[in-house]
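Below: one structure, written as structure tokens.
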Amino acid sequence: VYKGYVDDPRNTDNAWMETVAVNFHDEEGNSVSALPLQAGDDAGEVQWVDVDLSFALYANHSHFLEMVARERKAHWW
């Protein structure tokens, strides 16, 4: 979905955040949910969640979800 610079409050003139956002589409709902989740060094925990516009997202994350929704012709507002 995306790879590169992200707008982040921790960015400075000398250091900045980059990320890789990937979409795994599981039409049947039985493959992706079986993937083991492991938090990285900057996350306290990780879990599957349902999201909508009321869900508090960090930095550019809502933009990534909007891109996936557009690609998958899913509802997102």
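Listed values, structure above:
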| read-out | value |
| --- | --- |
| Test: residue in region 34-48 that is assigned to a loop (DSSP other than H, G, I, E, B), closer than 25 Å to residue 75 by Cβ and either polar (S, T, N, Q) or open to solvent by 100 Å² or more (accessible area, probe 1.4 Å) (or both) | yes |
| Meets criteria (part of a helix (DSSP H, G or I), free of Cβ contacts under 8 Å to residues at least 40 places away in the same chain and open to solvent by 80 Å² or more (accessible area, probe 1.4 Å)) for residue 10 | no |
| Residue list for region 13-28, filter: within 18 Å of residue 71 (Cα to Cα), without any contact (Cβ under 8 Å) to a residue 12 or more places away in the chain and open to solvent by less than 100 Å² (accessible area, probe 1.4 Å) | 26 |
| Region 51-77 - residue that is among the aliphatic types (A, V, I, L, M), within 17 Å of residue 24 (Cα to Cα) and within 14 Å of the chain's Cα centre (by Cα) and, of those, least open to solvent (accessible area, probe 1.4 Å) | 69 |
| Residue that is nearest to residue 46 (Cα to Cα) [pool: residues in region 63-77 that are modelled with pLDDT under 85 and either of a type in the set (Phe, Trp, Tyr) or part of a helix (DSSP H, G or I) (or both)] | 76 |
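The values are calculated or read from the model by the stated rules, or taken from the named source; none is laboratory data. No experiment lies behind these values; they were computed from the predicted model shown. Glycine also receives a Cβ, built like all others from the backbone with ideal geometry; neighbour counts cover every protein chain displayed. Side chains included, ligands, DNA and RNA excluded: accessible areas come from the protein's heavy atoms. Shrake-Rupley method; radii C 1.70, N 1.55, O 1.52, S 1.80 Å.
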